[in-house]
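Nothing in this text is a laboratory measurement; each read-out follows from the coordinates by a stated rule. For clarity, every value in this text was computed on a predicted model and none was experimentally measured. Every residue, glycine as well, gets a Cβ built from its backbone with ideal geometry; the counts of neighbours run over all protein chains shown.
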Amino acid sequence: MAEDKRVELLQELIRVLQEDRVYPASVWRPTAKLNEFTSAFMGRYSVLIGKDSSGSCYFRMEDIRDGRELLSFRATPPSGAAEQASSETDRRATQLVGELYAVVRDKARQVDRTIDEILQQLKHT
């Protein structure tokens, strides 16, 4: 049951971002590391999502007060036995981490706004 809540959390983060809802979860900022972004929730939790040099996406949530890690996922390419051994929930969470990273990256980099500005400029020339 707790695993289902983890998947639900990832799904809701994606939904909020895709719907452009104004909520703390919709504010992601780049960190000092390339391809890594962070957001805060309720002034107490820090969320980090990124992609490492091997192409694996990762998600980590910590309690800001004590630095305790509450939740962590890593989306790595499937590899035979490891893929078969993982639960359906784990596979779904892994897929969602990759999706969330793509949405967060585009929002943080303001890709849609940049494209809109360029399109507007092109239409008026």
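Each stretch of four or more DSSP H residues adds -39500 (n - 2.57); spread over every residue of the chain, this sum gives -14500 deg cm²/dmol at 222 nm. Legend: calculated FRET efficiency, residue 91 to residue 44, from the Cβ-Cβ distance at R0 = 41 Å, rounded to 0.05, equals 0.85. Restricting the calculation to Cα atoms, region 2-123 yields a radius of gyration followed by a Dmax of 15.7, 53 Å. Distance between the C-alpha centers of region 35-79 and region 96-125? Whole Å please. Distance between centres, Cα-based: 22 Å. Scanning the chain for DSSP H helices at least 20 Å long along the axis (C-alpha atoms) with a Kyte-Doolittle mean no lower than 0.0 picks out nothing.
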